[in-house]
1. Exactly which trypsin sites (Lys or Arg not before Pro) in the stretch 166-230 are in a DSSP loop and have at most 16 other Cβ atoms within 10 Å?
2. Could you pull out the pairs from Lys214/Lys296; Lys159/Lys214; Lys208/Lys365; Lys159/Lys296; Lys296/Lys365 whose alpha carbons sit more than 24 Å apart here?
3. For Phe341, which sequence-distant residues (separation of 5 or more, or a different chain) have an amide H within less than 5 Å of its own amide H, given hydrogens modelled in the peptide plane?
4. Give me the one-decimal nm value for the distance between modelled label points at Asp179 and Asp389, 7 Å along each residue's Cα-to-Cβ direction.
5. Give, as a single signed number, the net charge of other residues whose beta carbon lies under 13 Å from the beta carbon of Asp196, with Lys and Arg counted +1 and Asp and Glu -1.
6. Once you list every other residue whose beta carbon is under 11 Å from the beta carbon of Val255, what net charge do they have if Lys and Arg are +1 and Asp and Glu are -1?
7. When the Debye formula is applied to the Cα atoms of the stretch 293-402, each taken as the same point scatterer, what base-10 log of I(q)/I(0) results at q = 0.12, 0.21 Å⁻¹?
8. Once amide H atoms are placed 1.01 Å from N in the peptide plane, what residues at a sequence separation of 5 or more from Val310, or on another chain, have their amide H within under 5 Å of its amide H?
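We did not get these values from a lab; they are worked out from the coordinates using the rules stated. From a predicted model like this one, the values you see are computed outputs, not experimental measurements. Don't worry about glycine lacking a Cβ; one is built from the backbone with ideal geometry, like all the others, and counts go over all protein chains shown.
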Amino acid sequence: MLSLTLGLLCVALPVLGFPAPPASNLAKDVKESWILGNGSSVSRTSKDPGESAAWSERRQEMGIGEWIALKGVGTVEHLENSDGLWEENKIDILKGSGSTGKMTNWAPPQPKGDVASVHGMQLGSVTRKRVQDSAMGLEHGAECLRRNLPAAIIIGVRKGGTRALLEMLNLHPGVAVADNEVHFFDDDHNFARGLDWYREQMPMSHPKQITVEKTPAYFTSSIAPERIYRMDPGMRLLLIVRDPTERLISDYTQVFHNRVAQGKATAPFEEVAIRESQVNLEYRAVHRSMYDEHLKRWLTFFPRSHLHVVDGERLVHNPPAEVAAAEHFLGLPGHVGPDSFYFNTSRGFFCLRNTTHERCLSESKGRPHPPVRWDVLQLLRDFFREHNDRFFQMVGQTFDWA
Ligand code: A3P
């Protein structure tokens, strides 16, 4: 009942009992990569677990069948390092499954309570993911996991809150997200690698999950709209926007920090954003905040109904409401609610949680902005006003930064 082809794995899994499939039916050459709490990452390619004494012994000990961890982040509850064996006893997964296994000599011991994440597939015990799947109607006799092209793309805007939106949607069991920005449609080199390469960048997903990727550079790319349209004219597009002046300062702040980290020279915001008392149109970050200029390209290919505009400021202050609207747009049953968030006072942002774990976005999200002179702010706000008005007309929505 199992067939394994490149990128497609179908495993017979009765809903109850999970009897172990014959060893010959087990997956071969499974790639796993782990990011450990100390920031280091390790990966390995498992051999057919049926051929591995450790796995086989463990599987018998646990009396479970095969399951597949899609993805997860969790807290290490117990780790032992003995005789060169690093035994990871339990990781409860924020989204996904628990895992149990025995890993030989491929990772340093991690302290209890450390956070770890797992990507890939392995044998293990079935926990939360299966419960969620059941609730979502994703449970079916045969689980077929494969990499699918995205059904929805977060196209931008850079510094609009794209990571937060992706992570929040990822709390939904019906969603599988590509962790990294893929840059397929805006980068000629990647685009030339073809659709199979693009598909390979996507996570494994159930047939009933939708795959979502985010690459904010798509929004301002002159070629991305047409390329996406040609791949899939039915693509659903998510665009998250915020006050263009705030976005501009955020963009500057990110580049400033990157330059400092690389030991490069920096200039004050006012010097880059303003030239001869005018808004500096040669500053690319200014151009990125002219939302109407970019959106018009998208609307020559896609109908307005294929675009959902997320209010970045509301996502900061009221994430459940904005995520619910996005779920609706994606045709997903409502799942992510107020219980999925808690306010972290030291970060000043909502962070994500499920019944067992809590997690904030990385420190690079929500950095303090530099103070900007009032007259410069005024100049920028005046400059963006007409662009904003055109953008509001295009999307049929207004925002607080009107
Ligand atoms: P700032 O760093 O300017 O505050 P992107 O992921 O597209 O780069 O967007 C980064 C922005 O996401 C941050 O901009 C921050 O305001 C916003 N954001 C929205 N929700 C957030 C959250 N829950 N935690 C941290 N940042 C969040």
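1. Arg193, Lys208
2. Lys208/Lys365; Lys296/Lys365
3. Amide H to amide H, under 5 Å and 5 or more residues apart or across chains, Phe341 pairs with Arg353.
4. Placing both labels 7 Å beyond Cα along the Cβ direction yields 4.7 nm.
5. That sum, taken over residues with Cβ under 13 Å, equals +3.
6. Result for the neighbourhood of Val255: +4.
7. Here log10 of I(q) over I(0) equals -0.62, -1.21.
8. Amide H to amide H, under 5 Å and 5 or more residues apart or across chains, Val310 pairs with Leu239, Ile240, Val241.
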